[in-house]
Structure formats: structure tokens, C-alpha cells
Amino acid sequence: MTIADLGILRDVLWNDGGIQVIITPTYSGCPAMQTIEQDIRAELNRNGYADVEVKTQLAPPWTTDWLSAAGREKLLEYGIVPPAGSSAKQDLRVPVTGLACPRCQSADTVEISRFGSTPCKALYRCNACLEPFDYFKCI
């Protein structure tokens, strides 16, 4: 999974021999952003780029609509159900029904917590195999 797959990478600009990487967090309090910034700098430094600036851009806010098709597939392979539909069309107050379990593909699933391992995910359980799984909410 790359930051491009997740839609976090907004732009890469070349200026005066340096590189500026613009990223947008999945939400403003995302605890992974510092690690992502460090990883971007380290990877570019390893590849010979010494002058690296990572800029965080909050507007426009990130949306799950920015996830690539490859990113959605990779989330599912990892066991996280990607968002269903478009963020503009989903009411976050209502649990999504009929999500297919990433392990057994049963649609007999239920939301057990509005928030999963991070605020951008909800925790679901499959009633067929009884396994819990995360659902990446439309944002």
C-alpha cells in the first residue's frame, strides 16, 4: 500500500534542486502523519535527494473518494473492507449493512462499534465466521 494508493499524496514539486511533497492526512489528527513524513524524507534521501520538504495540506480535506482502485483492493487483501460508495452519498450516522466479510465473503455482518482501531474505521463482526473486521468509513 502506498500513500498514492491511499490518496494521501497530493503533489510532488521540483524547485531549486529540491523536492516538495504535499500530503493530506486522512483526518487532521491522524497519528501516522509524522511517521509518513519521516518515511518520505528517508526514502528520498536514500535515493539521493538531500533537499526534501514535506508539506501537510488540510484543504481540501481528504476523502475516501481519493482512494485508488488498487488501494481499495490492497485494503481488502489486508482484511479491511474499503468504503462502500461515495463520501458525498453516505450518512455516517447510519451503519452500512450487507458488507461482505473479507475472510469468508458472507454478507451477514453487523457493526459492533462506530469506531475501530482508528476514528476513520468502524468495527464489524461477521455472523457466519464470527471474525471481527475493520470497515474504512466513507469520509
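A few remarks follow.
- Given (1) open to solvent by 60 Å² or more (accessible area, probe 1.4 Å); (2) in contact with a Phe, Trp or Tyr (Cβ under 7 Å, 6 or more places away or on another chain), index of the condition GLY17 fails: (2)
- Scanning segment 33-44 for any residue that is in a loop (DSSP other than H, G, I, E, B), of a type in the set (Ser, Thr, Tyr) and open to solvent by 40 Å² or more (accessible area, probe 1.4 Å) turns up nothing.
- Where ILE19 falls short, out of the listed (1) modelled with pLDDT of 95 or more; (2) in contact with a helix residue (DSSP H, G or I) (Cβ under 7 Å, 6 or more places away or on another chain); (3) hydrophobic (A, V, I, L, M, F, W, C); (4) closer than 22 Å to TYR78 by Cβ: (4)
- Of all residues in segment 1-56, exactly one satisfies the criterion of being hydroxyl-bearing (Ser, Thr, Tyr) and farther than 27 Å from CYS120 by Cβ, namely TYR49.
- Residues in segment 9-29 that are in contact (Cβ under 8 Å) with a residue 40 or more places away in the chain and under 14 Å from PRO119 (Cβ atoms): THR26, TYR27, GLY29.
- Scan of segment 20-32 for residues that are in a strand (DSSP E or B) and open to solvent by less than 20 Å² (accessible area, probe 1.4 Å), ordered by number: VAL21, ILE22, ILE23
- Residue tally, condition at negative phi and either open to solvent by less than 70 Å² (accessible area, probe 1.4 Å) or among the hydrophobic types (A, V, I, L, M, F, W, C) (or both), over segment 45-55: 3
- Residue in segment 56-63 that is within 13 Å of the chain's Cα centre (by Cα) and open to solvent by less than 80 Å² (accessible area, probe 1.4 Å) present: yes
The values are calculated or read from the model by the stated rules, or taken from the named source; none is laboratory data. All values derive from a computational prediction rather than experimental measurement. Virtual Cβ from ideal backbone geometry, glycine too; neighbours counted across all protein chains shown. Ligands, DNA and RNA are stripped out before the accessible areas are found, and what is left, the full protein with its side chains, is counted by its heavy atoms. Shrake-Rupley method; radii C 1.70, N 1.55, O 1.52, S 1.80 Å.
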